[in-house]
Amino acid sequence: MAAVEFKGKTFEVDEDGFIASFDTWCPEWVDYVKASEGIAELTDEHWKVINVLQDYYKKHGIAPMVRILTKVTGYKLKYIYELFPSGPGKGACKMAGLPKPTGCV
Amino acid sequence: MALKHQTPMLDELEKGPWPSFVSDIKKVAARKPMAEDLLGVLELSYKEKEGHWKHGGIVGVFGYGGGVIGRYCDRPDLFPNVAHFHTMRVNQPASKFYTTDVLRKICDIWEAKGSGLTNMHGSTGDIILLGTTTDQLEPIFYELTHELGMDLGGSGSNLRTPEGCVGKARCEWSCIDTQDIIYDLTMTFQDELHRPAFPYKFKFKCSGCPNDCVAAIARSDCSIIGTWRDDIRIDQEAVRAYIGGDFLPHAGGHESTKRALDIQAEVIDLCPTHCMEWDGKNLKIDNKNCVRCMHCITIMPRALRPGVDTGATILCGAKAPILEGAQLSSVIIPFIKMEAPYDEFKDFVDKLWNYWMEHGKNRERLGELIQRQGLGAFLKACEITPDPRMINTPRFNPYIFYDPADVPGGWEHDPKAFRERHQA
């Protein structure tokens, strides 16, 4: 685990750049990650996705399935990729401070 | 040149008459430090009987959710050159027809930006490019798409790269244009291929005839297998020539010296439905009872050919053992014409995906969902009428349920009252 410092905050991150613990998440983290995720400025739509992910995670302890995310936000999957170019799992979950999605290749 | 790591156990795998992946990697290791460390990490795994790859890295290129499989070594201190060793899947052209120029260019890209190691091809059908670092992913993706006109394939919970047999390009038995079908499906379902939204992986595979050269029936959630609904074409003269020893059985696939074909033992007796007869002069086939196993056609290709009213059978649900055991696909649509633009098939796929995405649990393959909810629920969701051809032995195993609403007059069933009358 490597540590990064940004605006006076320190974050532990893994090799894919995911935050080590959801508890250390703060809005500064989003600011720090956005450039590497190909996002210039965050809009309300970005925040809507991030909030939905965090609410679901707090309630269920896991990230929602993609289908649930598109249903709750009302955004089509393709649009979510426009908001977060590296996708809902890699980009949006990373920004929201959720643990790295696991999955079979 | 001496390599960095001692690999006594891997060296064992170079002995014997077989080709060896160790020898292949060693060849590349002479010029690529990545391949050298790859040998080292594998030797260590053999020694400790434990893998040293971390599972489930999440890397990719912008805009896509699949196509790159993240791999990190958990001993970067010992093997720094394979600290990142990501795999890229490249969508192969339909039926794997390449120009040598494209293959050379892919290898050039990989030599410069990756480990130099490739796997032609993975079991999904894609070209597998083994081992690169995160910072090289976007440059490789750019060159593949902009300079070669190639694209990444599928990985994760999305549509996997569709795959088809050689089809009409080189095979006279192909009942459908597998190359066109695979190309069309690939282009139509780009979104599903690159942006994972499914409960789990989904595979289309397409074979031109029931010999099923890509094993679609065993390896794909939706198998498209060419077939015909009229009669097998017979050239009686050629049948007699096989029996007279003028032609090689199996087109010489198993032997090279001419011999007389024992039609009774080698063809008639092996027909699974016993629908053939040889009267000493002519071969007769009771086509109504033919199950299109292709055995007779494969043995006597110059005498027998599939019919001319061709199309495909659509089967669903095959998978390797993960949650449940391995399964073969089951017939869902016994016959479909399968002609461009394939609208009838795509309508079916839409209904199928809607059903699976609505009811499928996370990481549940379509075949497992059908098993859990029953074929009836699946057929209803896809608006398909049950048919005896969906069942292996319909007279012995009639598992179709009738819905009271579908039967004129209907009936009422009270389970409580039933138990009263049948106590034991």
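Over all directions, average the projected area of the Cα convex hull of segment B:8-48 and note it in nm². The partial results should precede the final answer.
Values: hull surface 10.9 nm².
Reported value for the Cα convex hull: 2.7 nm².
Using a cut-off of 26 Å between alpha-carbon atoms, which lysines can reach A:K48, once sequence neighbours fewer than 8 places away in the same chain are excluded?
Those lysines meeting the cut-off are A:K7, A:K9, A:K34, A:K58, A:K59, A:K71, A:K76, A:K78, A:K90, A:K94, A:K100, B:K361.
So what are the three principal axis dimensions of segment B:233-305 from its Cα atoms, in whole Å, longest to shortest?
Between the extreme Cα coordinates on each principal axis of segment B:233-305 lie 35, 23, 20 Å.
Between the helical axis of B:343-359 and the dominant principal axis of chain B, each derived from Cα atoms, what acute angle in degrees is found, rounded to the nearest 10?
Roughly 70 degrees between the two axes.
From the mean inverse distance of alpha carbon pairs (Kirkwood) and the Cα radius of gyration, derive Rg over Rh for segment B:178-229.
Taking Rg over the Kirkwood Rh, I get 1.01.
Relative contact order for chain B: what is it in percent, counting Cα pairs under 8 Å that are at least 6 residues apart?
On the way: 760 pairs, mean separation 43.8, N = 424.
For chain B, the relative contact order is 10 percent.
Run through every distinct alpha carbon pair of chain B and return the Kirkwood hydrodynamic radius in angstroms, one decimal place.
When all Cα pairs of chain B are included, the Kirkwood radius is 25.1 Å.
Considering the alpha-carbon set of segment A:1-91 alone, what are its Rg and its Dmax in angstrom?
Cα-based Rg and Dmax for segment A:1-91 come out at 13.2, 37 Å.
Determine the share of the protein assembly as shown's accessible area contributed by carbon and sulfur atoms, expressed in whole percent, with a 1.4 angstrom probe.
53 percent
Give the dimensionless ratio obtained when the Cα radius of gyration of segment B:1-148 is divided by 2.2 N^0.38 Å.
1.07
Considering protein heavy atoms only and a 1.4 Å probe radius, which residues within segment A:54-93 exhibit an accessible-area decrease of no less than 50 Å² in the full assembly relative to the chain by itself?
A:M65, A:R67, A:K78, A:Y81, A:K90
If I histogram all Cα-Cα distances within the protein assembly as shown using bins 20 Å wide from 0, what percent of pairs lands in each bin?
18, 43, 30, 8, 0
Calculate log10 I(q)/I(0) of segment B:68-147 for q = 0.15, 0.24 Å⁻¹, where I(q) comes from the Debye formula with a single equal point scatterer on each Cα and nothing for solvent.
-0.53, -1.20
Could you state how much accessible area A:D44 has, in square angstrom rounded to the nearest 10, with a 1.4 Å probe and all protein chains kept in place?
In the full protein context, A:D44 sits at about 130 Å².
Normalising by the residue count of segment B:233-305, find the relative contact order in percent from Cα pairs under 8 Å and 6+ residues apart.
The value is 39 percent.
Tell me, what is the percent relative contact order of segment B:93-199, built from C-alpha pairs under 8 Å that lie six or more residues apart?
26 percent
Probe of 1.4 angstrom, ligands and nucleic acids ignored: what's the accessible area per residue over segment A:18-92, in square angstrom?
Solvent-accessible surface per residue comes out at 50 Å².
Which ³J(HN,Hα) values, rounded to whole Hz and listed in residue order, are derived for segment B:213-220 from phi using the Karplus coefficients 6.51, -1.76 and 1.60 in 6.51 cos²θ - 1.76 cosθ + 1.60 with θ = phi - 60°, glycine and proline given as x?
With the stated coefficients, segment B:213-220 comes to 5, 9, 6, 4, 5, 9, 10, 10 Hz.
Accessible area per residue for chain B in Å², computed with a 1.4 Å probe and the full protein assembly in place, what is it?
With the other protein chains kept in place, chain B gives 51 Å² per residue.
Checking an interface number: how much accessible area is buried between B and A, summed over both chains, with a 1.4 Å probe, in Å² rounded to 100?
Protein heavy atoms only, the B-A interface buries about 2100 Å².
With a 1.4 Å probe and every protein chain left in place, tell me how much accessible area A:I39 has, in Å² to the nearest 10.
A:I39 has an accessible surface of roughly 10 Å² with all protein chains in place.
The values are calculated or read from the model by the stated rules, or taken from the named source; none is laboratory data. None of the values given here were measured: they were computed from a predicted structure. These area figures cover heavy atoms from the full protein model, side chains too; ligands, DNA and RNA do not enter into them. Shrake-Rupley method; radii C 1.70, N 1.55, O 1.52, S 1.80 Å.
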